[in-house]
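Heads up: the structure comes next, in structure tokens.
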Amino acid sequence: MAAVSATRLLAILGTVAVAAAVLLLGLLHVVPPTSEISPYRRTISQYALTEAATVFNAGVLLLAAGSILTMIAVVGAGLLPARSGGVLALLLWSVALAAVVYFPKHNWAVGPSTDGTVHRVASVVAFLSLPVGALLIGRSWWSHGRWRVPARWTWGLGLWSLLCFTPILAAIAIQPWTGVAWWRAIPLGAVERALTISEVAIVLVLAGWAAVASAPSPVPRLRS
């Protein structure tokens with residue numbers, strides 16, 4: 001019973017951490033001066049180059065921490081074995097988020113940098129690893145009588161995330177023919193935010209799923 005309660009607590013704490021991250025990152029979109037940054041063209045990491053960098057970093061690290069708590073809860077609830085592709089994907093997502101903070105966004109107009117390169121690679125790893133993990137987790141419970149609804153939500157959100165990433169791949173692919181830099185060929189900020197929304201939703205669905213799966217079963221009453 002204690003193990004079940006601890007697992008459910010981890011899922012709840014994961015949800016709270018992710019919700020706090022959404023609140024902080026959302027405030028950057030509406031509170032001056034960061035509200036002046038275009039969410040259509042500018043990536044979320046642009047906030048790290050402003051005076052609100054601490055708020056941005058705190059939000060991303062909270063998202064990473066909430067994802068780790070959720071990962072542990074998912075394993076504790078018996079939804080995934082500790083050694084599985086889904087767990088590896090959640091771990092990669094969380095580590096990559098931390099790397100995005102440690103290696104901040106770089107202004108490529110002044111030339112290349114190691115920090116900027118690592119930041120870009122970490123962003124790609126984060127954006128791709130979680131959707132792949134969602135597909136794996138959702139598929140493993142696809143036909144389960146009790147869990148098929150959260151499983152299909154998880155799978156669907158994973159697919160949505162991958163579809164959101166396709167404009168970036170398309171822009172890179174056609175760049176040699178159009179001569180337009182891939183990050184200018186698409187509304188990169190909007191694409192990244194769509195990705196982020198879907199991936200935050202994945203973590204929240206997994207946390208909720210783990211909380212329900214780890215809830216103690218009601219004790220049946222004895223008939224008099």
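The values are calculated or read from the model by the stated rules, or taken from the named source; none is laboratory data. The structure presented is a predicted model; accordingly, all values stated were derived computationally and were not measured. Every residue, glycine among them, receives a Cβ derived from its backbone with ideal geometry; neighbour counts consider all protein chains shown.
A compact table of results
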{"read-out": "Some residue of the stretch 130-150 being buried (at least 20 other Cβ atoms within 10 Å of the Cβ) and among the polar types (S, T, N, Q)", "value": "no"}
{"read-out": "Failed item in (1) surrounded by fewer than 14 Cβ atoms within 10 Å (Cβ to Cβ); (2) at pLDDT below 90; (3) on the phi < 0 side of the Ramachandran plot, with K105 passing the rest", "value": "(1)"}
{"read-out": "Members of the stretch 119-171 that are small (G, A, S) and touching a His at 6+ places or on another chain (Cβ under 9 Å)", "value": "A151"}
{"read-out": "Unique residue being in contact (Cβ under 8 Å) with a residue 40 or more places away in the chain, aliphatic (A, V, I, L, M) and crowded, with 19+ Cβ neighbours inside 10 Å when the list is A53, A21, A6", "value": "A21"}
{"read-out": "Out of L63, L27, L80, sole residue that is buried (at least 21 other Cβ atoms within 10 Å of the Cβ), part of a helix (DSSP H, G or I) and out of contact with any strand residue (DSSP E or B) (no Cβ under 7 Å at 6 or more places or on another chain)", "value": "L63"}
{"read-out": "Single residue of W153, W177, W160 found to be out of contact with any helix residue (DSSP H, G or I) (no Cβ under 7 Å at 6 or more places or on another chain), of a type in the set (F, W, Y), modelled with pLDDT of 90 or more and part of a helix (DSSP H, G or I)", "value": "W177"}
{"read-out": "Odd one out for S38 among (1) part of a helix (DSSP H, G or I); (2) under 22 Å from S123 (Cβ atoms)", "value": "(1)"}
